[in-house]
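Everything on this sheet refers to the single structure shown next.
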Amino acid sequence: MASTLSNSGISSGSMVETTHITQIVNAFTGTQAYDITLSGSLIVTGSVILDTTINKNFFGTASFVTTSSFSLSASNVSYAHTTSFANNDTTFLELYHPSTTFNSSSTFYFADGDPAIGSPEGIGTILPFNGLIVSASATSIVNGSTGTYQSSLFLISGSIQVQIGDLTYTAKNQSIRGAINLPFTSGSRIYCRLTTDNGTTPTDVIHNVILYIKHNG
């Protein structure tokens, strides 16, 4: 357990003891562990190196962050909060839609929340940086009845699209994953296109697509 700096024995007109000074020297040179509490502003000139990990109770708040990973999760929401971001940082992006029933040969577009059927207008999660989507993992869960539908799942950014893989709804849940190469620029709308073929209707189907993204400006 760390020690605490003490002012015991320190008073006007009293003799200064060695221990009064050495406790301060030991605390600020790291010779001995002390709990230090600062009240007021702290101005540091020079580098600051934190020998700590997140599980050692280091907390802080700031209005400006020089380097930070950009985190964006769009799970059944219409927006995502962002922090600042830096080149070569990485992001995981979740594209999600709730239950859908495949009534006939159809095309679904989704990014977050309810999917659009037949048109991608207004669908998409907008990313405020340049980057490259390098891999994707998709999962489908059939909460209702299974069918024999087969679908092709594509990821789209602007006029560019890449195929993530194919899904067949003969089981309650399934997943596909793979490396992809989809560049995008700041302001791009990222969304999925799910094209279904004819078959027996699966009901109450939910899709989740997790993307691994590398920042670039």
Taking segment 158-217 and keeping residues of a type in the set (Lys, Arg) and over 18 Å from the mean Cα position of the chain (by Cα) leaves Lys172, Arg177, Arg193
Considering residues that are within 26 Å of Asp204 (Cα to Cα), without any contact (Cβ under 8 Å) to a residue 60 or more places away in the chain and either out of contact with any Lys or Arg (no Cβ under 9 Å at 6 or more places or on another chain) or not assigned by TED's automatic domain parsing to the domain that holds Phe110 (or both), the number found within segment 163-189 is 13
Using the structure shown, decide if Thr201 is surrounded by 15 or more Cβ atoms within 10 Å (Cβ to Cβ) and part of a loop (DSSP other than H, G, I, E, B). yes
Taking the stated definitions as given, is Ala136 in the same structural domain as Ser157 (by TED's automatic domain parsing) and either modelled with pLDDT of 90 or more or aromatic (Phe, Trp, Tyr) (or both)? yes
Restricting segment 164-190 to residues that are surrounded by 14 or more Cβ atoms within 10 Å (Cβ to Cβ) and polar (S, T, N, Q), the one farthest from Gly131 (Cα to Cα) turns out to be Thr170
Expected output for segment 90-103 (first residue of a type in the set (A, V, I, L, M, F, W, C), partner modelled with pLDDT under 80 and not in a loop (DSSP other than H, G, I, E, B), Cβ below 9 Å, 6+ apart or cross-chain) is none
Is it the case that Tyr149 is at pLDDT below 90, farther than 14 Å from Phe108 by Cα and in the same structural domain as Leu127 (by TED's automatic domain parsing)? no
Tally, over segment 117-153, of residues that are within 19 Å of Tyr96 (Cβ to Cβ) and buried (at least 19 other Cβ atoms within 10 Å of the Cβ): 11
Has segment 185-193 got at least one residue that is farther than 21 Å from Ala116 by Cα and at pLDDT 90 or above? yes
Cβ pairs under 6 Å, 6+ apart, first in segment 139-156 and assigned to a loop (DSSP other than H, G, I, E, B), second of a type in the set (Asp, Glu): Asn143/Asp204; Gly144/Asp204
Answer yes if at least one residue in segment 165-175 is of a type outside the set (Lys, Arg) and under 14 Å from Tyr212 (Cα atoms), and no otherwise. no
Can we say Ser159 is within 19 Å of Pro120 (Cβ to Cβ), polar (S, T, N, Q) and surrounded by 17 or more Cβ atoms within 10 Å (Cβ to Cβ)? no
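The values are calculated or read from the model by the stated rules, or taken from the named source; none is laboratory data. Everything numeric in this text was worked out from a predicted model, so none of it was measured. No Cβ is skipped: glycine too gets one built from the backbone with ideal geometry, and neighbour counts run over all protein chains shown.
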